[in-house]
Amino acid sequence: MEVSRRQFVKATAVSLAMAAAGMGTATLAGCAPSGGEGASGSGESTFTSGVCRFCGTGCGVICEAKNGRLVSVTGDPDNGSSRGLNCVKGYYLSNVLYGEDRLTVPLIRDDPYTKGTDEGLREATWEEALDLVADKLKTAYKNDVSRIAFWGSGQQPIAEGYLTAKFWKAGLLSNNIDPNARLCMASAVVGFMNVFQTDEPAGSYDDLENADVFVTWGANMAEAHPVLYSRLTAHKLSGEGVKHYDLTCYRTRTSESADKVLIFRPGSDIAVANAICNYLIQNDLYDHAFVEDHLQFKQGTENLGDAFDDGYDKSEVGSKVDAVESIGFEDFAARLEPYTLEYASELSGVPVDDIRELADVFADPSKKVMSLWTMGVNQHNRGTWMNHCIYNIHLLVGKIAKPGNGPFSLTGQPSACGTAREVGTFCHRLPADLVVANPQHRRFTEAIWNLPEGYLDPISKPGFHTTKMFREMSKGNIDFMWTAHNNWAVSAPNLTRVLGVDPAYQGIYSTFIVVDEVYPTNSTRYADVVLPAALWVEREGQFGNGERRTTIFEKAVDPPGEAKWDLWILLQVAMRVLEGETIDGEDAFNRLFGFVFDKEKGDFISDDEKEINGLIWEEYRTFSNPELNERAQAINMDADGTFEAKLKMEAKQLAPYEEYRSAHGLTWPVREVDGKWLPTKWRFANGSQEEGFDPYGVEKYGKTGLANDVCFYKAKDLKPSVVFRPYEPPAQEPSEDYPFWFSTGRLLEHWHTGSMTMRVPELKRALPESLLYMNKQDCADLGIKDGDTVRVTSTYGTFEINVSTSGRVDPDPGMTFAAFFDEKRLINLAVEDIYCPLSKEPDFKKTCVRIEKA
Ligand SMILES: Nc1nc2c(c(=O)[nH]1)N[C@H]1C(S)=C(S)[C@@H](COP(=O)(O)OP(=O)(O)OC[C@H]3O[C@@H](n4cnc5c(=O)[nH]c(N)nc54)[C@H](O)[C@@H]3O)O[C@H]1N2
Ligand SMILES: Nc1nc2c(c(=O)[nH]1)N[C@H]1C(S)=C(S)[C@@H](COP(=O)(O)OP(=O)(O)OC[C@H]3O[C@@H](n4cnc5c(=O)[nH]c(N)nc54)[C@H](O)[C@@H]3O)O[C@H]1N2
Ligand code: SF4
Ligand SMILES: [Mo]
């Protein structure tokens, strides 16, 4: 036993050391091939397949359990997204389950004024806790349905997110449900919908082995998508002249392996992208045939000002931020003209020659280019616009939807795509790409949910998006808030306001807050009821990753103590809240959830979680495969003229549940060819399904012979939109009082708020606290040494943190960075909650601060 455990520790120590050492090439990103041996012992090992709990890379894993305990997690070579690799977080996944202070019994707070302290929570039975939660929810929703809210997550498994949305939207007729993905992917989503009228990237991770040039536009892949980064660097090292340009606001580990690092002033990325487009047009370097065959041009509302909720959305400009009008190619070119290389250089600080070099890369027809971006682009006061700007470049040169050629928006969370985006846990969405504001979309949803026509009409207006939800809570306008799979009391912007540190906003004390959690967190410190949840493979679930791959994680072990599957918790509450309610004379709960949950028994209809998940999947799948549902087929998809273009649900087919298990994950659209369910790697690229291409455009529209042999079959008029978006400045810029940029994000060892990874001793030791990374000269000017504690203050709030000039994040003068994994340093007390007016995603990257020695 000791020997193999030692071997395991040794193997993982190597990858951890690589991670901690801050080095930047493939294996050094902290990636290792399938890893350690399990702890041995007398019991038999059982092996289950799954997908990592952490980032949107979605690495496949094999879990080994012994004597009821998860003993090892290794890379799954059969998973197409990761091919056997895991990073250091994946390597330590089994330990994430076994922190000493797992929540194992429900907790109730009797005195709301103990919120925010370590006192006040007492143990309770499930019966008492569920009755209390249901009673509070029922009273609140009967009283005023606009005063309840659910805050979900891109870490919610698909089936759980689907039924949560169904309960909230159909059970309670409330749209006040939004996921943490609003803080993360919302700008990417709105960008996709505006440009292609369908969400999620056309390409796949296989582009990483097919590109000649990589451009990262605000993505620290070495820390945040380490396995994808190792595929990128491995391809770069293959000796085929592959290049990488890293556009960033500060040097990171990702910059270390780049051929060229272009450091730009925060927010000036739009000017750089526009200058590239302008250069391509002025020098006649764009793809004429592609422009002619595939593109339409637009411009939208401009001069958007600064968005945050108290008033902005209803203001004159706020109410028309989505408006666009068609323009001609010439108009588009004319709008771009001011964006000379010199002007962009002046705004961004990037040398003219560097911008030209990058533009020439896009112009070169012999180079396949893959653009990658994450939160630098999305968490941006013009985040949706910057997504547009990247598409504009790729579309002008036709470098899209072909192996190695792709604008690839990286997903952060394991199921931000699969759950938040695909099943409709946003306040404005329904499952699949449907939206609540569209009556035909509601009819279609009613058909699948077996609801009478018009039942969902009371929800025809979107509910509160995340920032509004928390701002309304802080004002005392939310009576009941339920959160799961997130830790908002650390991750939400402007915590000074949310947590009631600002005496003007004390709503948190009057809101009844329910938190489903696995560990005590800062959010549970503010909860009135804490419900202990099963963690990851303590139940079966599914995640949908950044390349549209849906993967099942199988149950490997039982949850500890009385901890329960989140779905069980949801349905127990739903059963109690909907007691006595009917739909068309039928019991409402049975109508909505009877297919999986037996009210008489007070539990699922079966103990087999595979069966329960399969049943939910099959219902959800009918949204994309309407041929499976007669009622759905009867809905006239063309009734409002836009529905057909928007919907074409069959274009996003999903396979039967068990296919995902046997395939270890499949990328949608998954189509049946000769009895086999085949995934798609390159959406819109005409070609055979067997080879991972997408025959749908040709089958449906007979569109062949167009430039690059692609068909954007979801786009209106089959043409994606190139939308002109001007440079507009960040909400705050450095001033005498607040002279530093404060940018925030993550580092390899820790996941988000650290609630899981800070409980893994090896990961905690490797990076025990969050540090403020600063430029050495700035430190010298302020008389600060490494390790000194400083006070960081913005117009929003203030916190203390220790300083580092180690260079792991290496900012130029005037720039600073910290990660948000450390509950003891609540950096979001000072982070602004100004958001992109189109996507409502907050800008976590550009708060201005002053720094003083504490
Ligand atoms: N280790 C680890 N990995 C993770 C996570 C984690 O918590 N830990 N979380 C996952 C999640 S949910 C997410 S969303 C991803 C995030 O992944 P990333 O977005 O890669 O990581 P961040 O640290 O948030 O952002 C850093 C990047 O933002 C850029 N940036 C800052 N300001 C600007 C700007 O004005 N414009 C542009 N274009 N770029 C700018 C910086 O240059 C830098 O490249 O990571 C995922 N992976
Ligand atoms: N300053 C700053 N703030 C940011 C960002 C930033 O870049 N800078 N990025 C934003 C982004 S992109 C994101 S995605 C968010 C992420 O922010 P959050 O999602 O709020 O943070 P997490 O730590 O991922 O919270 C997930 C919680 O779920 C718990 N958990 C784990 N498994 C389960 C389970 O099965 N059931 C239940 N009920 N709970 C479980 C974990 O213990 C953990 O506390 O943060 C945002 N906040
Ligand atoms: S954290 Fe991301 S890169 Fe690391 S193993 Fe998990 S999914 Fe893969
Ligand atoms: Mo995220």
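Quick rundown of the values:
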| quantity | calculated |
| --- | --- |
| Nonlocal amide H pairs with L372, under 5 Å, H built at 1.01 Å | V215, T216, W217, F408 |
| Nonlocal amide H pairs with A819, under 5 Å, H built at 1.01 Å | G745, L771 |
| Amide hydrogen neighbours beyond the local backbone of H244, cut-off 5 Å, H modeled | F214, D259, K260 |
| Within segment 321-338, backbone nitrogen closer than 18 Å to the virtual label 7 Å beyond the Cα of Q282 toward Cβ | 330-338 |
| Volume in Å³ per residue [convex hull over Cα atoms, computed for segment 72-143] | 204 |
| Length released on extending from D558 to S688, taking residue separation times 0.36 nm less the Cα-Cα span | 42.5 nm |
| Tail beyond 24 Å, pair distance distribution of segment 740-853 (Cα, percent) | 24 |
| Inter-site label distance for K785 and K719 at 7 Å from Cα along Cβ, in nm | 6.6 |
| Residue-wise HN-Hα coupling along segment 775-781, computed from phi with Karplus coefficients 6.51, -1.76, 1.60 (Hz; x: Gly, Pro) | 6, 4, 5, 4, 4, 4, 4 |
| Calculated from backbone phi, Karplus (6.51, -1.76, 1.60) coupling profile of segment 400-416 in Hz, x at Gly/Pro | 7, 6, 9, x, x, 10, x, x, 10, 7, 7, 8, x, 8, x, 9, 4 |
| 12 Å beta-carbon shell around P452, net charge (K/R +1, D/E -1) | -1 |
| Integer Hz, Karplus 6.51/-1.76/1.60 couplings in order for segment 382-395, x for Gly and Pro | 10, x, 4, 4, 5, 4, 4, 4, 5, 4, 3, 4, 4, 6 |
| Proximal charge balance of T252 [Cβ under 10 Å; K/R count +1, D/E count -1] | -1 |
| Helix-only mean residue ellipticity at 222 nm for the chain, each DSSP H run of n ≥ 4 adding -39500 (n - 2.57), per residue, nearest 500 | -8000 deg cm²/dmol |
| Projected area, mean over directions - segment 789-848, Cα convex hull, nm² | 4.9 |
| Between segment 367-442 and segment 111-132, the Cα center-to-center distance that results, in Å | 40 |
| All-pairs Cα distance distribution in the chain, expressed in whole percent, bin size 10 Å | 2, 13, 24, 28, 21, 9, 2, 0 |
| Charge sum, other residues only, whose C-beta stays under 11 Å from K236's C-beta, Lys/Arg counted +1 and Asp/Glu -1 | -2 |
| Ranked list, fewest to most other Cβ atoms within 10 Å of each Cβ, for E200, E762 | E762, E200 |
| Contact order normalised by residue count of segment 185-412, Cα under 8 Å, 6+ apart, percent | 34 |
| Under 23 Å from K136, Cα to Cα: lysines that are on another chain or at least 8 residues apart | K115, K166, K169, K468, K475, K564, K599 |
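No lab work stands behind these numbers, since they all come straight from the coordinates. From a predicted model like this one, the values you see are computed outputs, not experimental measurements. Please note: Cβ atoms are built from the backbone with ideal geometry, for glycine as well, and neighbour counts cover all protein chains shown.
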